[in-house]
2 protein chains.
Amino acid sequence: MSGDRQKPGNGAKKKAHQVVTSADVAREAGVSRSTVSRCMADDERISEATRKRVQETAAQLGYHVNKIASSMNRRKSDLIGLVTSGLTDPFRIEFLDCLISQIQQSGYRPLVIDVSDPDQMGISMLNLLQYQVAGVVVTSGSPSPEVGTHYLKRNVPVVLVNRAGRLEGADVINCDNVHGGELAADMLLKSGKKRLGFLNVRGGTYSGNVRGEAFVSRIAPRLADGEISFTSLVCDSADYDGGFHAGLKYLAGGENTPDAIFCAKDHIALGLMDAARFELGLTVPGDLAVIGFDDIAAARQGAYQLTTVRQRADQLAEMTVERLRRRIGGDDLGDERLVLPVEFIRRQTV
Amino acid sequence: MSGDRQKPGNGAKKKAHQVVTSADVAREAGVSRSTVSRCMADDERISEATRKRVQETAAQLGYHVNKIASSMNRRKSDLIGLVTSGLTDPFRIEFLDCLISQIQQSGYRPLVIDVSDPDQMGISMLNLLQYQVAGVVVTSGSPSPEVGTHYLKRNVPVVLVNRAGRLEGADVINCDNVHGGELAADMLLKSGKKRLGFLNVRGGTYSGNVRGEAFVSRIAPRLADGEISFTSLVCDSADYDGGFHAGLKYLAGGENTPDAIFCAKDHIALGLMDAARFELGLTVPGDLAVIGFDDIAAARQGAYQLTTVRQRADQLAEMTVERLRRRIGGDDLGDERLVLPVEFIRRQTV
DNA sequence: CCTGATTGTGCACACGTGTGCATTCAACGA
DNA sequence: TCGTTGAATGCACACGTGTGCACAATCAGG
């Protein structure tokens, strides 16, 4: 028989139930292994007849291309690394949901990697490289410039989503945090509330900081006039509990208690609202106006009806994979910084 | 020089910036490639001195084992397939969160695969096999017996979580749906409510059906006495919106309107509550008692304070990976059906 | 000094695929 | 009939690793 480098004895049978390989298909269809490979890849140079015949025998034998071997040969897998930290942030979850769906639709597979421990970031991203990933999406943490150069050298595209970093050779996609902060400011100024506040997690996140700064500079004129006051509020965690405890702390009463709070993200706003309404007996928006950011699913629920700034997770995901695909396809784009438009959503909390 | 099967010419340099391989480390450290491989795997038979030396040169050159090549050679990767359908169900998200974290801690990597389209289930699971996955966790859909045998033949363990199927060679882990349904029934019987209902998604899910059936058989005696009545309620989707619309439909008023509803899952219960409270002006638990199932994070929030049956996502994940690890390790366990205990959580909705 | 055991390393093969290049074969024009 | 062309397919190599087996070296016991 033909075939390359066959075993010394006779390669007829080895184990009882071995996995079916391209060589098996080749033997069965009476062609060479190369032809099988080309048929599975829909190579142009294969005649229609043999292609059909080979694909049929392949299906009959239950042959599937071994992705690992393929990846090894081509030095590129169809995996896309998803760097995230836990599945707790609602908006990130919505984004990942869209992202996973779109990645899969593009013929890739998401390989999730958790960097809840920020120290692991560097080695985790390097480790990802060992899976021959076709690309990486970072939704948490900031890769160091060093890992950036590693990716650049290997020509593996990286997209940072809603992150600060400017990484060499990587795309950065953010929603329009500045405009969002301004929209929130405009709304609260119009509402007639006087004691404004901005609630963010202690230490701040990049997105939160930008939103807060835009908010503050927008209200600055009125602040200078003395018409209104502003307080910067801080919570311990960027989630429901953080917002809840912040509510207990800041809304207990007193002269300077804010009557309108812009929250860095919806999830915090929900906790804040619940503390105000169910623990302190305040009404929303009567005693306290609240604006969030993201427009997560829970913000639409009847129990909250949160007025907020919407960033669309599906569009964010779309931009991300579109960018990845083009870079994987070989388009040699320079680093770019893309901005997703936001939209003000008026509900019941202002 | 030594080395096996080196290139015809002189394999000194090929491309400008090639990726560093074990051969490079071997050359640099003055040992054979085999020794490098053994050093990276912490093989016992390597002397302490050379191991240290090799590992140092490896670190210095920035060498990392190529997982793809390794997987190919060992015909087993360190990937674990996670079969799910979208990131929309809150409890499943919490479970996946724990699962991903634990999988990673065990030295594996999660490969996510979305089967929102149930028709894709079969080929997706077969496709997964081509990545040489070490194991698979199914949290959505029901794999056919046929794919089951493929996995069995390849000796790749499968764990079904909160699913109906009894798959040959696979473990099935469920929370104690029966006991949960009974706990809910006991609670509502004690509450003094008379017109009981069970709300599940149209067509039903395995878990939901079991919970409902246990609920019904528990209340059966009192039902026979005529002391209470029971209605089976149906919503169009197993989420917040489904519960919400079901609330509008069933709670609009009339003689038979239920005054106590056991929901197949928390997420539905939240929508139901909001429809009752904010659309129909009912009070909870005054006009309507509600019990959920799962104890998702939102159930604990002030806006809901949902009385529910808790299944612990972290323990579920723990059982899952423990089971996977033992099977991957070679333990030859028969198919098993494990049950996770549940716990009644009393809050404000009954 | 000889024998056997133990320890540390190297050699060569195998894993399953993609692809550049050579080769075969039929068709076709002169 | 011969040379040329184009299409279709096979050959052989390479990808980077793990590991069984063989072999060298060291050592203990007689």
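The values are calculated or read from the model by the stated rules, or taken from the named source; none is laboratory data. All of these numbers come straight from a predicted model, not from anything done at the bench. Because the Cβ atoms are built from the backbone with ideal geometry, glycine has one as well, and the counts that use them run over all protein chains shown.
Below are the figures for this structure:
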| quantity | calculated |
| --- | --- |
| Top-ranked residue in the range B:305-342 [being more than 13 Å from the chain's Cα centre (by Cα) and β-branched (Val, Ile, Thr); ranked as farthest from B:Val156 (Cα to Cα)] | B:Thr307 |
| Residue, surrounded by the most Cβ atoms within 10 Å (Cβ to Cβ), within the range A:202-233, restricted to residues that are among the polar types (S, T, N, Q) and in contact with a Phe, Trp or Tyr (Cβ under 9 Å, 6 or more places away or on another chain) | A:Ser207 |
| Yes/no for A:Asn174 being closer than 30 Å to A:Leu333 by Cα, out of contact with any Leu (no Cβ under 8 Å at 6 or more places or on another chain) and more than 14 Å from chain B (Cβ to nearest Cβ) | no |
| Any hit, the range A:257-267, residues being in a loop (DSSP other than H, G, I, E, B) and within 18 Å of B:Gln301 (Cβ to Cβ) | yes |
| A:Gly281 being part of a loop (DSSP other than H, G, I, E, B) and either within 14 Å of chain B (Cβ to nearest Cβ) or aliphatic (A, V, I, L, M) (or both) | yes |
| Of all residues making up the range A:32-82, the number that are more than 11 Å from DNA strand C (Cβ to nearest atom) and touching a residue at least 60 places away in the same chain (Cβ under 8 Å) | 1 |
| Count - residues of the range A:51-69 that are within 26 Å of B:Val147 (Cα to Cα), more than 9 Å from every other protein chain (Cβ to nearest Cβ) and within 10 Å of DNA strand D (Cβ to nearest atom) | 2 |
| Conditions (1) within 15 Å of DNA strand D (Cβ to nearest atom); (2) of a type outside the set (Lys, Arg); (3) modelled with pLDDT of 95 or more: number failed by B:Ile100 | (1) |
| Residue satisfying all of: in the range B:36-50; outside any loop (DSSP other than H, G, I, E, B) and under 20 Å from B:Thr21 (Cα atoms); nearest to DNA strand D (Cβ to nearest atom) among these | B:Ser37 |
| Per-region count, the range A:148-198, residues closer than 30 Å to A:Gly286 by Cα and β-branched (Val, Ile, Thr) | 1 |
| Residue in the range A:164-176 that is closer than 26 Å to B:Gln132 by Cα, surrounded by 20 or more Cβ atoms within 10 Å (Cβ to Cβ) and among the β-branched types (Val, Ile, Thr) present | no |
| Hits in the range B:127-146 - residues which are of a type outside the set (Ser, Thr, Tyr) and within 19 Å of the chain's Cα centre (by Cα) | B:Leu128, B:Leu129, B:Val133, B:Ala134, B:Gly135, B:Val136, B:Val137, B:Val138, B:Gly141, B:Pro143 |
| Elements of type helices (runs of 4 or more DSSP H) in the range A:109-191, at least 1 residues being farther than 30 Å from A:Ile261 by Cβ and acidic (Asp, Glu) | A:145-154 |
| Every residue from the range A:248-278 that is within 14 Å of chain B (Cβ to nearest Cβ), of a type in the set (Val, Ile, Thr) and surrounded by fewer than 21 Cβ atoms within 10 Å (Cβ to Cβ) | none |
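Rundown of residues vs (1) crowded, with 20+ Cβ neighbours inside 10 Å; (2) within 14 Å of chain B (Cβ to nearest Cβ); (3) under 21 Å from B:Leu128 (Cα atoms), yes/no style:
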{"site": "A:Ala26", "(1), (2), (3)": "yes, no, no"}
{"site": "A:Ala49", "(1), (2), (3)": "no, no, no"}
{"site": "A:Ser71", "(1), (2), (3)": "yes, yes, yes"}
{"site": "A:Leu82", "(1), (2), (3)": "yes, yes, yes"}
{"site": "A:Gly86", "(1), (2), (3)": "no, yes, no"}
{"site": "A:Asp89", "(1), (2), (3)": "yes, yes, no"}
{"site": "A:Glu94", "(1), (2), (3)": "yes, yes, no"}
